[in-house]
Amino acid sequence: MAFNGNFMCTSFKKELLYGAHDFANGADAFKMALYTSSATLNASTTAYTTSEEVASGNGYTTGGNALTNVDPSSSGTTALTDFADVTWTSSSITARGGLIYNTGPNTTSISLTNPAVLVLDFGADKTSTSGAFTVVFPAADASNAIIRIA
């Protein structure tokens, strides 16, 4: 097993300071790709990769599914954003984790191609068999949102 936790990618933190990511709904396009338990994704992951991605077919397409952004907000001293749950319908998938990445970053100040945002470890292989494979994101609040900056 190569997954070992959830991570906000270090490169993403730096790219925020360059203004490379716009999380407003309808701004940059984000996707989530799914990976097998053999994938090596962690805080050092810098960009989307096809290495150990779930096999294309059976309801899954290389590169994953588009995500719907929830407009950024704040609560107390925490800024946050989230995504709507994402589903691969009529699929037969076994995935250990996922990678959220930006397919349309601002490259005015920095050169980027499909930069990584977050690595998600599902804790164990999750499987769908000719059905829906859904990733449910946590509540969009200061304690639980998938992306929080405190």
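The values are calculated or read from the model by the stated rules, or taken from the named source; none is laboratory data. Bear in mind that the values here come from a model prediction, so they are computed numbers and not experimental data. Heads up, the Cβs are rebuilt from the backbone with ideal geometry, glycines too, and the neighbour counts pull from every protein chain shown. Heads up: the accessible areas ignore ligands, DNA and RNA and are worked out on the full protein's heavy atoms, side chains in. Shrake-Rupley method; radii C 1.70, N 1.55, O 1.52, S 1.80 Å.
Take region 20-36 and flag every residue that is at pLDDT below 95 and either among the hydroxyl-bearing types (Ser, Thr, Tyr) or out of contact with any strand residue (DSSP E or B) (no Cβ under 7 Å at 6 or more places or on another chain) (or both).
Selection gives Gly26, Ala27.
Considering only residues that are in a strand (DSSP E or B) and of a type outside the set (A, V, I, L, M, F, W, C), which ones fall in region 114-139? Can you show your working first?
First, the residues of region 114-139 that are in a strand (DSSP E or B): 115-135.
Scanning region 114-139 gives Pro115, Asp121, Gly123, Asp125, Lys126, Thr127, Ser128, Thr129, Ser130, Gly131, Thr134.
Report yes if some residue within region 5-25 is within 30 Å of Thr129 (Cα to Cα), polar (S, T, N, Q) and open to solvent by 20 Å² or more (accessible area, probe 1.4 Å); otherwise report no.
Yes, region 5-25 contains at least one residue that is within 30 Å of Thr129 (Cα to Cα), polar (S, T, N, Q) and open to solvent by 20 Å² or more (accessible area, probe 1.4 Å).
Residue check: is Glu53 surrounded by 14 or more Cβ atoms within 10 Å (Cβ to Cβ), within 18 Å of Phe133 (Cα to Cα) and not β-branched (Val, Ile, Thr)?
Considered against the rule, which asks whether it is surrounded by 14 or more Cβ atoms within 10 Å (Cβ to Cβ), within 18 Å of Phe133 (Cα to Cα) and not β-branched (Val, Ile, Thr), Glu53 comes out as yes.
Return the residues of region 94-103 that are surrounded by 21 or more Cβ atoms within 10 Å (Cβ to Cβ) and of a type in the set (Val, Ile, Thr); say none if nothing qualifies.
Taking region 94-103 and keeping what is surrounded by 21 or more Cβ atoms within 10 Å (Cβ to Cβ), we get 95-102.
Scanning region 94-103 gives a single hit, Ile100.
Considering every residue within region 119-136, establish whether at least one is open to solvent by less than 40 Å² (accessible area, probe 1.4 Å) and closer than 24 Å to Tyr18 by Cβ.
Within region 119-136, one or more residues are open to solvent by less than 40 Å² (accessible area, probe 1.4 Å) and closer than 24 Å to Tyr18 by Cβ.
Based on this model, can you work out whether Thr46 counts as buried (at least 16 other Cβ atoms within 10 Å of the Cβ), in contact with a Gly (Cβ under 9 Å, 6 or more places away or on another chain) and β-branched (Val, Ile, Thr)? Show your work before the answer.
On the way: buried (at least 16 other Cβ atoms within 10 Å of the Cβ): yes; in contact with a Gly (Cβ under 9 Å, 6 or more places away or on another chain): no; β-branched (Val, Ile, Thr): yes.
When the stated conditions are applied, Thr46 does not pass them.
Which residue, of Thr89, Thr81, is in contact (Cβ under 8 Å) with a residue 24 or more places away in the chain, open to solvent by 50 Å² or more (accessible area, probe 1.4 Å) and among the hydroxyl-bearing types (Ser, Thr, Tyr)?
On the way: Thr81 fails: open to solvent by 50 Å² or more (accessible area, probe 1.4 Å).
None of the others qualify; the one that does is Thr89.
Under 6 Å by Cβ, and 6 or more places apart or on different chains, what pairs join a residue from region 115-130 that is hydrophobic (A, V, I, L, M, F, W, C) with one that is not in a strand (DSSP E or B)?
Partner pairs satisfying both residue conditions: Ala116/Cys9; Ala116/Thr45; Ala116/Thr46; Val117/Phe12; Val119/Leu41; Val119/Thr45; Leu120/Asn6.
Suppose we filter Asn58, Asn4, Asn69 for residues that are modelled with pLDDT under 95 and under 23 Å from Ala142 (Cα atoms); which single one remains? Even if it seems obvious, please write down each step before you answer.
On the way: Asn58 fails: under 23 Å from Ala142 (Cα atoms); Asn4 fails: under 23 Å from Ala142 (Cα atoms).
Selected residue: Asn69, the only one of Asn58, Asn4, Asn69 that is modelled with pLDDT under 95 and under 23 Å from Ala142 (Cα atoms).
Give Asn114, Asn106, Asn69 a once-over and let me know the one that is over 14 Å from the mean Cα position of the chain (by Cα) and surrounded by 16 or more Cβ atoms within 10 Å (Cβ to Cβ).
Values: Asn114 fails: over 14 Å from the mean Cα position of the chain (by Cα); Asn69 fails: over 14 Å from the mean Cα position of the chain (by Cα).
So the residue among Asn114, Asn106, Asn69 that is over 14 Å from the mean Cα position of the chain (by Cα) and surrounded by 16 or more Cβ atoms within 10 Å (Cβ to Cβ) is Asn106.
Please determine, by comparing only the residues of region 26-43 that are surrounded by fewer than 20 Cβ atoms within 10 Å (Cβ to Cβ) and among the aliphatic types (A, V, I, L, M), which one is nearest to Thr87 (Cα to Cα).
Among those residues, the one meeting the criterion is Ala29.
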